[in-house]
Amino acid sequence: MRIYENVTEKRRKTMSHIRGKDTSIEVALRKSLWRKGYRYRKNYKALPGSPDICLTKYKIAIFCDSEFFHGKDWEILKPKLAKGNNAAYWTKKIQDNINRDMEIDKKLIYMGWTVIHFWGKDITKNIDSCISVIEETIFDLQMSSVKE
């Protein structure tokens, strides 16, 4: 039994082209970090969840999340999904993504990593503030290591 039996061929084809790696938001953030002199690993498989960007020198894991698939404003989106096609499938899929993201964050934090999530729109509309968040995090980590 196919869970997504109500999906049109056009929708299926569109969804099959959605990438999990090297998305436009990831590439934009990586290019900005590179220009600033930060070196990173992309989709670092040595860590749970293969973070989109890892600043291994600082133990910072960065995820670039799309609003739809990672459930931004979930309590608002959920009722809207309930009215659409294949509501049960999408509600379960996005809720599972949210739960998985939280579990991965817990594992990374337990391993001593700092986790940062950025929404796609935040990256596209104000990449400089995203870079500032990363730089402030690096500064805070450096200051806390000096105190120890």
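Read-outs throughout are calculated quantities, based only on the coordinates presented, and are distinct from any laboratory measurement. Here the structure is a predicted model, which means the values were calculated and not measured.
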### Query
For the chain, what is the Kirkwood hydrodynamic radius in Å, using each pair of distinct C-alpha atoms?
17.0
### Within the chain, percent of DSSP bridges classed antiparallel, to nearest 5
45
### Summary
Counting only residues 5 or more apart in sequence or on a different chain, those whose built amide H sits under 5 Å from that of Glu67 are Gly120, Lys121
#### Entry: Rel. contact order, % - alpha carbon contacts under 8 angstrom, at least six apart, the chain
26
## Note on the structure
The Kirkwood hydrodynamic radius of region 64-120, taken as the inverse of the mean 1/r over all distinct Cα pairs, in Å, comes to 12.3
### Message
Cut-off 10 angstrom, C-alpha nodes, Gaussian network model of the chain. Which of Ile134, Ile116, Ile76 fluctuates the most?
### Response
Ile76
